[in-house]
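Here is the structure we will look at, set down as structure tokens.
The values are calculated or read from the model by the stated rules, or taken from the named source; none is laboratory data. No experiment lies behind these values; they were computed from the predicted model shown. Every residue, glycine as well, gets a Cβ built from its backbone with ideal geometry; the counts of neighbours run over all protein chains shown. In case anyone asks, the SASA skips ligands and DNA or RNA and just uses the protein heavy atoms, side chains included. Shrake-Rupley method; radii C 1.70, N 1.55, O 1.52, S 1.80 Å.
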Amino acid sequence: MNADFSSALSRPKHADLRNAVIESLKESLSALRDFLGMETIFVSEIEDGQLWFLAVDEASPFLTPLIPDNCIKLDRTLCYWVCNDILPQIIQGNDPVMQTVRRLREDKNFQIGLHMSVPITIHPGLPFGTICCFSMKERAPLSDQEIRIFRTMADMISTNLRLQAKISGFVEPIGEDLARMLSAPSIRPVFQPILHFASGRTYGFEGLSRFTDMPHYSPQDMFRLATQYGMGPKLELNATNSILDEAERMQCRSLVFLNHSPDSLLAPSLQARLESYLKSDRQRGLAIEISEQAVIQDFSRLEHRLSALREIGVKIALDDVGQGNAGLAHILALKPDLIKLDRVVVAGLEAHRENRAMVRALLRFAKDIGCELIAEGIERETERAILMELGVELGQGFHLGRPAPLPLLH
């Protein structure tokens, strides 16, 4: 069995709900696949980083086991990238977008004849899963009529799911909240200053998000839930757009730090937005923060994207260094321009000589590889004083400035 696939995991929590819907689909899927002249069609559910196959119809067995109750890692599927608006719903084998597909698949030889994937939803704007059809062999493009019929099937499945959810009394308030946030994001950007210790001069700002329509959810909760529902990259891109829109409105010329996961960095629309921001004022600067805790399956795919971002003038920062156990590997692989020292290390400086030794070692290491060190989470004057004594020049934290609206012409 392909290592990406599994039948050993627990079935999704929506199993009873979707079984009532899927039973009615089997004959329809077969007829639709025949009508489209495709090799494979399936309906899936997205949950907790997996894409579950709920109903499958194939002209002949595929190379991997596309059978109900099997699942595949979500980020290995084209459906995931389609749901996050990183790939188009229709991909033809000779499209230029195939280069992006191969990078996302981490397979330079990957080829597909035709692929179409459309999200299905219980809460509009928040994918429950997808209906997808594909052929590995080259074939003629789908006609407008074929595309309409396929999308109508997706709408019918979505409507049936909502109906069954009401009948069964299934409610999921967070799904409604997250769907609203993704379809019409109400994000209030705030900016936390990063300062030079000696002069108090502003080095830059970290752009952060506050979700004004849902104050009962912390920003960390919102991003975690979006990731759980397979929509993490889309919410990150929405947040970045809001932060950059505000920075432009306030004529910011300081370095702006943006938080992104490895997956969202692969979105072509992200590079276009960053490039537009930098080109509109040559005095502007941007840095992308990648957490030390981020799970990076394949560094080569990420390195390609980081190289493209560096070419347009974006700096790369490794965040949360000292909190996880992947720090050195990430530093060596990503070659960051900036290292952000986590609060876990800063908080123990006064009491633990090991923490001070770590800071000294990282300072020497940063100097040797030509990057700067920023201490995060500074909450007391004693912490700032010890960091200065150790040789750290840049810092961020509540003691230096809380997240707040961006000052005009800063």
Subject >> Cβ-Cβ under 9 Å pairs, at least 6 apart or on other chains, segment 127-145 side of a type in the set (D, E, K, R), far side open to solvent by less than 10 Å² (accessible area, probe 1.4 Å) and part of a strand (DSSP E or B) >> reply: Lys137/Leu114; Glu138/Leu114; Arg139/Leu114
Subject >> Hey, Ile378 out of contact with any helix residue (DSSP H, G or I) (no Cβ under 9 Å at 6 or more places or on another chain) and either free of Cβ contacts under 8 Å to residues at least 40 places away in the same chain or surrounded by 15 or more Cβ atoms within 10 Å (Cβ to Cβ) (or both) or not >> reply: no
Subject >> Cβ-Cβ under 6 Å pairs, at least 6 apart or on other chains, segment 101-112 side closer than 17 Å to Met136 by Cβ, far side of a type in the set (Ser, Thr, Tyr) >> reply: none
**OP:** Kindly indicate which of Leu362, Leu309, Leu400, Leu349 is in contact (Cβ under 8 Å) with a residue 60 or more places away in the chain, open to solvent by less than 80 Å² (accessible area, probe 1.4 Å) and not in a strand (DSSP E or B).
**Re:** Leu400
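Conditions tested, residue by residue: (1) surrounded by fewer than 17 Cβ atoms within 10 Å (Cβ to Cβ); (2) acidic (Asp, Glu).
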| residue | (1), (2) |
| --- | --- |
| Glu47 | no, yes |
| Leu51 | no, no |
| Asn70 | no, no |
| Leu74 | no, no |
| Thr77 | no, no |
| Gln89 | no, no |
| Thr100 | no, no |
| Lys108 | yes, no |
| Ser117 | no, no |
**OP:** Hey, could you check segment 34-45 for residues that are part of a helix (DSSP H, G or I) and open to solvent by 30 Å² or more (accessible area, probe 1.4 Å) and say which is nearest to Ile72 (Cα to Cα)?
**Re:** Asp34
Subject >> Meets criteria (modelled with pLDDT of 85 or more, under 19 Å from the mean Cα position of the chain (by Cα), among the small types (Gly, Ala, Ser) and under 25 Å from Ala247 (Cβ atoms)) for Ala294 >> reply: no
Original post:
If you scan segment 312-346, which residues turn out to be assigned to a helix (DSSP H, G or I) and among the hydrophobic types (A, V, I, L, M, F, W, C)?
Top reply: Leu328, Ala329, Ile331, Leu332, Ala333, Leu334, Val344, Val345, Val346
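Quick check: anything in segment 158-165 in a helix (DSSP H, G or I), of a type in the set (Lys, Arg) and modelled with pLDDT under 95?
Within segment 158-165 (the criterion being in a helix (DSSP H, G or I), of a type in the set (Lys, Arg) and modelled with pLDDT under 95), the answer is yes, since at least one residue qualifies.
For every residue, the table says whether it meets (1) surrounded by fewer than 24 Cβ atoms within 10 Å (Cβ to Cβ); (2) touching a helix residue (DSSP H, G or I) at 6+ places or on another chain (Cβ under 9 Å); (3) of a type in the set (Val, Ile, Thr).
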position	(1), (2), (3)
Leu225	yes, yes, no
Leu235	no, yes, no
Ala239	no, yes, no
Leu244	yes, yes, no
Arg249	yes, no, no
Asn259	yes, yes, no
Ser269	yes, yes, no
Leu274	yes, yes, no
Original post:
How about segment 53-85: which of its residues are of a type in the set (A, V, I, L, M), at pLDDT 90 or above and touching a Leu at 6+ places or on another chain (Cβ under 7 Å)?
Top reply: Leu78
Subject >> In segment 381-396, residue most open to solvent (accessible area, probe 1.4 Å) [restricted to those that are closer than 13 Å to Ala347 by Cα and free of Cβ contacts under 8 Å to residues at least 60 places away in the same chain] >> reply: Glu381
**OP:** Look at Glu206 and say whether it is touching a residue at least 40 places away in the same chain (Cβ under 8 Å) and closer than 22 Å to Lys315 by Cβ.
**Re:** yes
Original post:
Looking at Pro268, is it modelled with pLDDT of 90 or more and under 17 Å from the mean Cα position of the chain (by Cα)?
Top reply: no
Original post:
Limited to segment 276-291, what total is found for residues that are open to solvent by 20 Å² or more (accessible area, probe 1.4 Å) and within 15 Å of Leu318 (Cα to Cα)?
Top reply: 1
Original post:
Does Arg253 count as surrounded by fewer than 20 Cβ atoms within 10 Å (Cβ to Cβ), farther than 17 Å from Thr100 by Cβ and without any contact (Cβ under 8 Å) to a residue 12 or more places away in the chain?
Top reply: no
Subject >> Unmet requirement for Asp342, which otherwise passes all of (1) open to solvent by 80 Å² or more (accessible area, probe 1.4 Å); (2) acidic (Asp, Glu); (3) within 24 Å of Asn259 (Cβ to Cβ) >> reply: (1)
